[in-house]
Ligand SMILES: NC(=O)c1ccc[n+]([C@@H]2O[C@H](COP(=O)([O-])OP(=O)(O)OC[C@H]3O[C@@H](n4cnc5c(N)ncnc54)[C@H](OP(=O)(O)O)[C@@H]3O)[C@@H](O)[C@H]2O)c1
């Protein structure tokens with residue numbers, strides 16, 4: 001099998017909020033553009049609630065939706081019933097060497113321990129919300145890139161950050 005990177009892709013507020021009422025609490029078009037550029041051509045894994053929040057399978061990507069519901073149907077997407085099956089499903093796309101976990105909170109929580117990379121958009125403001133990005137131990141990650149940006153319209157600052165898992169820790 002070709003080695004494949006497993007990456008989380010998320011946007012989070014300063015207070016770790018990623019969602020409210022099954023929607024994004026902000027409109028940040030540069031983040032959506034980055035999402036598209038990074039994921040195009042690659043498998044994307046998401047929870048059932050995130051799939052419903054997006055409302056459709058995204059074109060040009062293999063969408064994999066995780067749910068416990070046996071009869072669940074998601075047009076244009078593969079439906080699986082465990083994270084392990086979702087990860088196996090990705091290997092059917094042999095052209096891609098990266099799989100993206102695109103949320104939401106429940107799926108980030110369960111996959112974060114086995115991910116190699118996290119692409120995080122850090123929004124430099126607090127938002128109200130009911131879905132949070134999981135806490136993680138920064139000692140296990142190296143920040144390999146940080147691009148700082150600001151929206152012209154409202155001055156909102158956001159950073160595109162990449163964290164790679166440290167591979168030099170061994171078993172602790
Ligand atoms: N800012 C961001 O980057 C970002 C990205 C994505 C989503 N979001 C936001 O996050 C929120 C949604 O997150 P969420 O945590 O509520 O939901 P979610 O993670 O999208 O989906 C949760 C659902 O996934 C299924 N599931 C979870 N673990 C499973 C497992 N091990 N095996 C089988 N099925 C499993 C269950 O579906 P069933 O109930 O059908 O069994 C569960 O209810 C929304 O507000 C959304 O807008 C934000």
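No value in this document is a laboratory result; all are computed from the given coordinates. Just so we're clear, the structure is a prediction, and the values are computed from it rather than from any experiment. Cβ coordinates were reconstructed from backbone atoms using ideal geometry, including for glycine residues, and neighbour counts include every protein chain displayed.
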Most mobile of 136, 100, 35 in a GNM of the chain (Cα contacts under 10 Å): 136
Hey, rough spin-label estimate for residue 162 and residue 40, points 7 angstrom out along Cα→Cβ, what's it come to in nanometres? 1.8
Using label points projected 7 Å from each Cα along Cα→Cβ, tell me how many nm separate residue 33 and residue 56, to one decimal. 2.2
Residue-span extension gain [residue 93 to residue 22] - 0.36 nm each, minus C-alpha spacing: 22.7 nm
Could you compute how fast segment 28-172 diffuses translationally, taking Rh as the Kirkwood radius over C-alpha pairs and applying Stokes-Einstein at 10 °C with viscosity 1.306 mPa s? Give it in µm² per second. 95
Candidates 85, 121, 67, ranked by Gaussian network fluctuation over the chain, Cα under 10 Å, top entry: 85
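Taking Cα pairs under 8 Å and at least six residues apart, what relative contact order does the chain come out at, in percent?
31
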Connecting C-alpha atoms closer than 10 Å in a GNM of the chain, tell me which of 42, 138, 81 has the biggest fluctuation. 138
